[in-house]
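> The structure's right below; bear with me while I get my questions together.
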Amino acid sequence: MTDVESPAYVPGHGLLKGRTAVVTAAAGAGIGGATARRFLEEGARVLISDAHAGRLEEYAARLAGEFGGTSVTAVPCDVTDETQVRVLFETAAAEHGRLDVVVNNAGLGGTADLVDMTDEQWSRVLDVTLNGTFRCTRAALRLMRESGGGVIVNNASVVGWRAQAGQAHYAAAKAGVMALTRCAALEAAGYGVRVNAVSPSLAMHPHLVKVTSAELLEELTAREAFGRHAEPWEVANVIVFLASGYSSYMTGEVVAVSSQRA
């Protein structure tokens, strides 16, 4: 195994200049927050959402201070609530006139052996992670169909491909996100919308450290070819690529941002 330090942060290149984007679960240090920041650095106008309204407002204020108040908007949204999802996308269309990019990042994990897993644990993870992605994808496609184009990027996971003990609900949800991505891509191609997904493994951030055992984090890190975890912004860079014109002929793809696909 090769032990490699995290690379230097890559500056923006205006790849999303003039685009309007919605990013869910974007209230902080994880992949959603990193994606919102990267989109702003690439010239997009970004509407961030999250179920945690307080953290969302704090992060929006921080981004507005760096990139200007007109560049970022915050709309609280619980993706398990269809009314809130509808308001989120209506707000994006009303404030910016159109919707170019959607990143469905909202998801919920947890650890429980299947034999002990409750219906509530199973249903909650599926409702946030898979059903939430469905609700947001449906709302986005309805707007993008009218405007004649757009890009949707879903956040899947390598556990949608490979098994991990205690993760049956999360793995099933993420495998569902992959299948949803492929089916939506075929349906949306006719009106100029591309739908792809990223599939990361371990993108380290403070919240993950709080809810995941040190032993599991060490195990997942050891599996990676580089001998280190990903930085959230490294996953966000791949999302930028999928959202930009550089991936104009890609749709229905699930891109691994990890060496742990198998």
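> If you take the beta carbon distance between GLU90 and ALA29 as r and set R0 to 25 Å, what does 1/(1 + (r/R0)^6) give as a FRET efficiency, to the nearest 0.05? Intermediate values should be presented prior to the final figure.
Values: r = 28 Å, r/R0 = 1.14.
For GLU90 and ALA29, the calculated efficiency is 0.30.
> Given the Cα-Cα distance of SER71 and ARG142 and 0.36 nm per residue of separation, how much length would full extension add, in nm? Please list the in-between numbers first.
Numbers: separation 71, 0.36 × 71 = 25.56 nm, distance 2.38 nm.
Difference between extended and current length: 23.2 nm.
> Can you give me the P(r) profile for the chain? Cα pairs, bins 5 angstrom wide beginning at 0, each as a whole percent.
Here the calculated profile for the chain is 1, 6, 14, 18, 21, 17, 12, 7, 3, 1, 0.
> From largest accessible area down, sort PHE226, PHE67, PHE134; use a 1.4 Å probe on the protein chains.
Values: PHE226 125, PHE67 60, PHE134 90 Å².
Descending accessible area places them as PHE226, PHE134, PHE67.
> Tell me which residues come under 5 Å, amide H to amide H, from ALA256 once H is placed; ignore anything under 5 positions away on its chain.
SER199
> Considering only protein heavy atoms and a 1.4 Å probe, what is the carbon-and-sulfur percentage of the accessible area of the chain? Please list the in-between numbers first.
Working: 6470 of 11990 Å².
Result for the chain: 54 percent of the exposed heavy-atom area is carbon or sulfur.
> What accessible area per residue comes out for region 2-42, rounded to a whole number of Å², with a 1.4 Å probe? Before the final figure, lay out each step's value.
Working: 1740 Å² over 41 residues.
Ligands and nucleic acids excluded, the result is 43 Å² per residue.
> Quick one: helix 82-96 against the long Cα principal axis of the chain, what's the angle to the nearest 10°, folded into 0 to 90?
With both axes taken from Cα atoms, the answer is about 50 degrees.
> Here's something else I'd like to know. Just from its helices, what would the mean residue ellipticity at 222 nm be for the chain, if runs of 4 or more DSSP H residues each count -39500 (n - 2.57) and the sum is divided by every residue, rounded to the nearest 500 deg cm²/dmol? Write down the numbers at each step before the final one.
Details: 9 runs with 114 residues, N = 262.
Roughly -13500 deg cm²/dmol at 222 nm, from the helical runs in the chain.
> Okay, moving on. Hey, what's region 151-195 come to in accessible area per residue, 1.4 Å probe, Å²? It would help to have the intermediate numbers written out before the result.
Working: 1490 Å² over 45 residues.
Heavy-atom accessible area per residue stands at 33 Å².
> In nm, to one decimal, how far is the ASP116 label point from the ALA179 one, both placed 7 Å along Cα→Cβ?
Here the answer is 2.8 nm between the modelled labels.
> What spacing in nm lies between the two simple spin-label points modelled at PHE226 and ALA214, each 7 Å away from Cα in the Cβ direction?
2.4
> If one takes the longest principal axis of the Cα atoms in the chain, at what angle in degrees, from 0 to 90 and to the nearest 10, does the Cα axis of helix 53-67 lie?
Helix 53-67 sits at roughly 60 degrees to that axis.
The values are calculated or read from the model by the stated rules, or taken from the named source; none is laboratory data. Model, not experiment: these values are computed from the prediction. All Cβ positions, even for glycine, are placed from backbone atoms using ideal geometry, and neighbour counts span all protein chains on display. Heavy atoms of the whole protein, side chains included, go into the accessibility calculation; ligands, DNA and RNA do not. Shrake-Rupley method; radii C 1.70, N 1.55, O 1.52, S 1.80 Å.
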